[in-house]
1. Taking the stretch 146-205 only, how many residues are within 16 Å of ligand 2 (Cβ to nearest atom) and open to solvent by 50 Å² or more (accessible area, probe 1.4 Å)?
2. Can you find even one residue in the stretch 206-219 that is open to solvent by 20 Å² or more (accessible area, probe 1.4 Å), closer than 23 Å to Ser68 by Cβ and in contact (Cβ under 8 Å) with a residue 12 or more places away in the chain?
3. Does at least one position in the stretch 112-120 carry a residue that is open to solvent by 40 Å² or more (accessible area, probe 1.4 Å) and under 30 Å from Ile41 (Cα atoms)?
4. Of the residues Phe262, Phe225, which is farther than 20 Å from Gly54 by Cβ and open to solvent by less than 60 Å² (accessible area, probe 1.4 Å)?
5. With part of a loop (DSSP other than H, G, I, E, B) and touching a Ser or Thr at 6+ places or on another chain (Cβ under 9 Å) as the only criterion, which of Gly54, Gly64 stands out?
6. If you check Pro80, Pro117, which single one turns out to be assigned to a loop (DSSP other than H, G, I, E, B) and touching a Leu at 6+ places or on another chain (Cβ under 7 Å)?
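The values are calculated or read from the model by the stated rules, or taken from the named source; none is laboratory data. All values derive from a computational prediction rather than experimental measurement. Neighbour counts run over all protein chains shown; Cβ positions are idealised from the backbone, glycine included. Keep in mind that these areas ignore ligands, DNA and RNA; they rest on the heavy atoms of the full protein, side chains included. Shrake-Rupley method; radii C 1.70, N 1.55, O 1.52, S 1.80 Å.
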Amino acid sequence: MNVDEKVILTEENIVKTEKETQSDAQPLISVRGLKKSFDNIDVLKGIDIDIHQGEVVFVVGPSGSGKSTFLRCLNRLEEPTGGVILFEGEDITDKRTNINLHRQKMGMVFQQFNLFPHMTILKNLTIGSMKLQGKSFEEAKSEAMRLLERVGLADRANAYPNQLSGGQKQRIAIVRALCMKPDVMLFDEPTSALDPEMVGEVLSVMRELAEEKMTMVVVTHEMAFAKEVASRVLFIDEGKILEEAEPVTFFENPKSERLKSFLAKVL
Ligand code: ADP
Ligand code: MG
């Protein structure tokens, strides 16, 4: 903003403008010094990262390096043992924070879909927003059907999870998370449990979300997909972010020997 613009702003507007500028600049998620130990084993050894609205951050790294633990700390499915996580400006590691309210804003998709087997797809999709957000069945259903339509599964609303293929179940799991209108979607190896021919249908739903500027954090071994969709890729190794870059640099010009040898194995 130049000086002239500043002069013509009323006090009220200046306050508003400053606020807006701040919220534009404020990361959606800000992680500082995040640590997690299990039984004296340090799994996360100090993770620092800011994730901004609309970013699609991919997390790759060797098995056992702490990728899932990192993701699960972001919504406190694991309790961090150190550090701070600000989500939308609020410290969610503070025990006084109502984590359940924040979790509703963080959709999570797991490798094993975790749908309720005894409920129809429609019930799976509506129960969360009805119980946790007080929506009426009609409201919840109309949102669920709109999203089902989008992923091409509207005709399966009354089916049970075990009547669906793995790829369909995972698309439903994504829709279930979206029904809560989250501000960020966390994906932990969403295609790792799928038969190869079903991977594409799940990735294409994720690609659409990314194109719509949904903020996403994605742990995956699908390197070609990461290269295509990511705004940034992180390499986690032994509980630390060893390297991070935008995808072209990350994949074509890795700096550390560790990342070079990891990429040589997985590409
Ligand atoms: P990644 O997702 O990168 O494969 P994880 O975050 O799942 O790695 O695990 C990192 C390390 O933490 C592993 O050595 C794993 O055995 C350990 N770990 C993860 N969860 C637990 C737990 N609940 N209890 C004990 N150790 C755990
Ligand atoms: Mg994992």
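1. 1
2. Step one: of the stretch 206-219, the residues open to solvent by 20 Å² or more (accessible area, probe 1.4 Å) are 207-208, 211-214.
From the residues that got through so far, the ones that are closer than 23 Å to Ser68 by Cβ too are 207, 214.
If we keep only those that are in contact (Cβ under 8 Å) with a residue 12 or more places away in the chain too, we end up with 207, 214.
Yes, the conditions are met somewhere in the stretch 206-219.
3. For the stretch 112-120, residues open to solvent by 40 Å² or more (accessible area, probe 1.4 Å) and under 30 Å from Ile41 (Cα atoms): present.
4. Phe262
5. Gly54
6. Within the list Pro80, Pro117, the selection yields Pro80.
Here's the yes/no breakdown for (1) away from ligand 1 (no atom under 16 Å from the Cβ); (2) assigned to a helix (DSSP H, G or I):
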{"position": "Glu139", "(1), (2)": "yes, yes"}
{"position": "Pro182", "(1), (2)": "yes, no"}
{"position": "Met185", "(1), (2)": "yes, no"}
{"position": "Met216", "(1), (2)": "yes, no"}
{"position": "Ile236", "(1), (2)": "no, no"}
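Residues checked against (1) part of a helix (DSSP H, G or I); (2) away from ligand 1 (no atom under 16 Å from the Cβ):
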site: Leu194; (1), (2): no, yes
site: Val199; (1), (2): yes, yes
site: Leu203; (1), (2): yes, yes
site: His221; (1), (2): no, no
site: Ala226; (1), (2): yes, no
site: Leu242; (1), (2): no, no
